[in-house]
Amino acid sequence: MIDQLLSELRKMRSTRTNFGLLAGMIGLTLLSVLVNGLVLSVADLRGHDNQHTLLSAGTSGALFAALIGVMAITSEFRHGTIRSTFVVTPDRSRVIAAKVIASLLMGVAFGLVAIGLSFGVGYAILAGRGIDFALDTNHVLLLVFGTLLMTALWAALGVGLGAVVKNQVFAVIGLILWAFAIDNLLRELVPDVGRFTPVGVSDSLTAGFADYLVAPVAGGLLLIAYTVAFVAAGAFVVARRDVT
Amino acid sequence: MTTTSHAVAGSPPFRALVEGEVVQAEHLTKRFGDLVAVDDLGFALGRGTVTGFLGPNGAGKTTTLRMLLHLVEPTAGSALVFGRHYQELERPADRVGAVLEAADFHPGRSGRDHLFSLALALGQTTAGDRSFAGRERAARTRVDAVLELVELSGAARRRVGSYSLGMRQRLGLAGALLGDPELLILDEPANGLDPEGVRWLRDFLRRFAAEGKTVLVSSHVLAEVAQTVDQVVIINKGRLVTFAPLAELTARLSGGVRVRAPGVVRLQSALEGQGIRSTLLDGNELLVEGTPSARVGEIAFHAGVLLHELVPESSTLEDVFLELTAEVPS
């Protein structure tokens, strides 16, 4: 298992894919924290909710983390490297497990960068504009660990999603379509369902104040359940599908 | 070189596992929906043999090789290596190396990193050092060794996207050799190689086989492997056509004589009178088998048949192969 994990980690750092994703995440997080921090008035930024929004810019890391997982499996199908991977390790569930763990680790790393950026730049903006910090310690801890849990779990979930869908383009488009359109619509139109969607429960991990969401702990458990379900489905499908 | 082969025509009888047989297919069948890709295929390859796995494109070669490697699940029958299902072998990649497609690389990854990731998954160690650093060191040593072996060390740090087809084939081979296997399975390795690359591959396989190791190499062109293999498994439409030593195929080479004459039917009966078989090609053409052209001319002369053409024709191995795999009208 360690062997497969070392192999997966080597794969992850030997192409530009994950560096590109990291750059994308840094760009989006920076944009979000800068827009929120510089466009809002001083009066607005004194508000608890606006400070929350400013400092939760790092949650955008979850989407990029999910793409780490999706790419980890779909690029092997796309480029055919899955064949040599499975010839060396015929136990396919072991390969999937190694990809899940490697993606989890990458997800945590992405999460740390995202939190560092949103808090570092966010604090700097607040201090620079002479605004007092409005969030209590518990809220900050929720934001930090919620974001880390999100990036880690979404990375793992991405492996399961990619394994089920197999086609790289479809998996990436599907993920983005779900995260930005379908899930949003569900939460807008059918909040009773929307708060239980993967994105809905992820938001509950860090948002806390949006009243339609489930409690953070319930959200965390539900996101774990989603992740386990996707990974199990992916492992099941990959074990049974012919590699042609 | 010892050759274990079992000439089988049509569907082979069930054969019990024989000790030392490296590759064994028994009643092997694969259906993809309505398409029968491999149909009740059976053959067994002994240790140290170099076998050409031949058939036209779409004959089921690739599917068969993938079933041997547990990439494709058989619908029926079994595909065994070293007497077991591939996935049940302990450390299978240390015993079996495979090159399945020339393009199976991430174009943005260097050849070295590609091999490195495979070598790490193999889990080799030096002197039992199971630390992370120890595993990395063992993998690096092995990667450098196989790069040297396939003469790719110079390009190892370049992205595979910049490699020529020949370099990719050699990189694939390097990956197959990481575990120092006893059996090499190669699917159309000569596809797209220039003559120099084909020769390099042939020499490599000869050296490999000279160490008593086993090779199963597929091709849709017999000539590509004829100088390398000592036996052939020929399949067509998923079914076994021939499983024989190459020598047996060579023995089928025939020198025929093609005759064009107005009185070709009269000539045919004259030949028959001498116990010589011939085939009518069309209205005034005849193919005479196993007889020198001088003798055919002599018989024609005595039968008073006017000859327009008398052409000796020798078939090649490729002709025999094409004949064996020709469309059989059903």
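Restricting to the range A:191-244, name every residue that is within 14 Å of chain B (Cβ to nearest Cβ) and of a type in the set (Asp, Glu).
A:242
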**Fill in**
When every residue in the range B:108-138 that is within 7 Å of chain A (Cβ to nearest Cβ) and part of a loop (DSSP other than H, G, I, E, B) is compared, the one surrounded by the most Cβ atoms within 10 Å (Cβ to Cβ) is B:109
**Prompt:** Residues in the range A:45-61: is at least one more than 9 Å from every other protein chain (Cβ to nearest Cβ), within 30 Å of residue B:138 (Cβ to Cβ) and either basic (Lys, Arg) or within 15 Å of the chain's Cα centre (by Cα) (or both)?
**Reply:** no
**Asked** Counting just the residues of the range B:93-106 that are surrounded by fewer than 20 Cβ atoms within 10 Å (Cβ to Cβ) and within 7 Å of another protein chain (Cβ to nearest Cβ), which one comes out farthest from residue B:69 (Cα to Cα)?
**Response** B:103
**Asked** Which one of these does residue B:190 not meet: (1) part of a loop (DSSP other than H, G, I, E, B); (2) surrounded by fewer than 19 Cβ atoms within 10 Å (Cβ to Cβ); (3) touching a Ser or Thr at 6+ places or on another chain (Cβ under 8 Å)?
**Response** (2)
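Being within 14 Å of chain B (Cβ to nearest Cβ), in a helix (DSSP H, G or I) and surrounded by 24 or more Cβ atoms within 10 Å (Cβ to Cβ) is true for just one of A:115, A:82, A:73, A:68. Which residue is that?
A:73
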**Fill in**
How many residues of the range B:31-45 are surrounded by fewer than 21 Cβ atoms within 10 Å (Cβ to Cβ), free of Cβ contacts under 8 Å to residues at least 60 places away in the same chain and either on the phi < 0 side of the Ramachandran plot or in a strand (DSSP E or B) (or both)? The answer is 4
**Request:** Determine whether residue B:157 is at pLDDT 90 or above, in a loop (DSSP other than H, G, I, E, B) and either over 25 Å from the mean Cα position of the chain (by Cα) or at the interface with chain A (Cβ under 10 Å from one of its Cβ atoms) (or both).
**Result:** yes
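The values are calculated or read from the model by the stated rules, or taken from the named source; none is laboratory data. Only a predicted model underlies this, so the values are computations on that prediction, with no experimental measurement involved. We place every Cβ from the backbone using ideal geometry, glycine too, and count neighbours over all the protein chains shown.
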